[in-house]
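The values are calculated or read from the model by the stated rules, or taken from the named source; none is laboratory data. Bear in mind the structure is a predicted one, so any value in this text is a computation, not a measurement. Cβ placement follows ideal geometry from the backbone for every residue including glycine, while neighbour counts extend to all protein chains displayed. With ligands, DNA and RNA removed, areas are computed over all heavy atoms of the protein, side chains included. Shrake-Rupley method; radii C 1.70, N 1.55, O 1.52, S 1.80 Å.
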Amino acid sequence: MDDKGYAFTPLAVLLFIPVIILAVSFSGIVNEVNSLSAIVIGGDVTATVASNVVEAIKEDTADAGRNSAFMATRTVIDSYNLNNNPFFGTSPTTDSRNFVKSRTLQLINQNMTNTCRELEKQTGRTIVINSVTIDPNGTDSATIFQAANMNIVESDPYGFNITLTSVPVRVIQNSNTNNQSFDFSTPPMNVYVSIEKLEDPYIWVNTYGHNSSVIYKYPYYTPPSSIIAGNPADSYHFADKVSSGKLQFLNQTLVGANSSMGIMPYYFPDTHGLSFFDRLENRTNNTSGSPTSARMSTFILWNPNFENIPGYTPSYLDHEYFLGINGTRITTTHSGVVTPVTDPTANPTGNTFYLSDTYKGILGLVNNYDY
């Protein structure tokens, strides 16, 4: 059998030709499908890298802004312990906004450089962001965002917004078979940074280290736009409920948040008050550098500066207290019995609460309440 050969007739040969052609064609189709799959998979990875870059910018901006705000408060507080002039300046190069902006930029660039390097190592892509090529094997932070790309916007008392301009990004896939890139621009960013639960250096320094105050939001405030006729004085609700020597929400504002650091009076919106940045610079309400929508006030407990301000009854309102503005008491009257409103945190019987006539009007309070 091994010595036997096989002969094909011309007809048999013709019958085999289509089979050979189909086999060759199928092989080509498989190669094309494999190449197409590589392109699709590669494109999907590239698009995922692009999405991760955008998300990382958002998260890094929020984290960097919060960290910078915290460090600004610590800079003032810690500096007070070393010298008598701890506050930031008020010029554009020395002010607190410049500090927060510069530090935020530094942290964003550092974090984004590390994020892009990690993405490059994991995916084999090259990332070019804002015309800066990220070296996956580098160690230095790349200057991705410049000062011109960032701005700080104040809109409410309890935080600020960091805006970032749109920047171009290119994600490049480098391979032996497929070289492709994905070009896009990041959307303009507007990231809110909360300052709640940060310590207020304005209170610490101006009470000579006696009072520590943490920014907690007053929860009972109603914006004037939500009130019929829009009277700002009706926004606070301090005297919505009255009892002997007590105005319910004023009392709760004085007690505030009972945190691990002790009793902390709430901070409430006040167009005549001081913003977060004003407090870092020890400004007055007349020299504030912030929009009125970003300002707030709180109350000073326990008369910490009594040795420096003898002979008068200072207003409990923070910036009035430090300016030495006198206050007058508020009373409640029931069946002819007149009782002064007191500070419930001072002692079991309380110290008399004082406020200027100006701020009684601003906060919707009057000299006496009959109930």
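Worth a mention:
- Mean-square fluctuations from a GNM of the chain, with a 10 angstrom spring cutoff on Cα atoms, peak among D278, D156, D140 at D140.
- Largest first, the extents of the alpha carbon coordinates of the stretch 147-258 on the three principal axes equal 84, 43, 25 Å.
- Volume of the Cα convex hull of the stretch 270-335, divided per residue and given in Å³: 118
- Per-residue ellipticity at 222 nm from helix content only, as computed over the chain with -39500 (n - 2.57) for each DSSP H run of at least four residues, stands at -12000 deg cm²/dmol.
- Largest-first principal axis extents, alpha carbons of the chain, Å: 132, 47, 40
- Where both bridge residues fall in the chain, DSSP classifies roughly 90% of the beta bridges as antiparallel.
- Relative contact order computed over the chain (Cα-Cα under 8 Å; 6+ residues apart), in percent: 12
- Using all pairs of distinct alpha-carbon atoms, the Kirkwood hydrodynamic radius of the stretch 204-250 works out to 13.1 angstrom.
- The mean accessible area for residues of the stretch 296-371, using a 1.4 Å probe and ignoring ligands and nucleic acids, is 46 Å² per residue.
- Most mobile listed residue (F184, F99, F88) in the chain, GNM with C-alpha springs under 10 Å: F184
- Counting only DSSP beta bridges whose two residues both lie in the stretch 169-305, roughly 90 percent are antiparallel.
- At the listed q of 0.11, 0.14, 0.20 Å⁻¹, the Debye profile of the stretch 202-338, built from one uniform point per Cα, gives log10 I(q)/I(0) equal to -0.44, -0.72, -1.37.
- Here the accessible area is traced with a 1.4 Å probe on the protein chains. For the chain, carbon and sulfur cover 54 percent of it.
- Sites T292 and H334 - FRET efficiency at Förster radius 30 Å, r taken between beta-carbons, to 0.05: 0.20
- Using the Cβ-Cβ distance between F306 and F70 with R0 = 22 Å, the FRET efficiency computed as 1/(1 + (r/R0)^6) comes to roughly 0.10.
- Enclosing the Cα atoms of the stretch 50-168 in their convex hull gives a volume equal to 124 cubic angstrom per residue.
- Normalised convex hull volume, the stretch 298-365, alpha-carbon set, Å³ per residue: 101
- Point-to-point label distance, S79-Q180, nm (Cα→Cβ direction, 7 Å offset): 5.3
- Relative to the current alpha-carbon distance between N351 and S225, full extension at 0.36 nm per residue lengthens the span by 41.8 nm.
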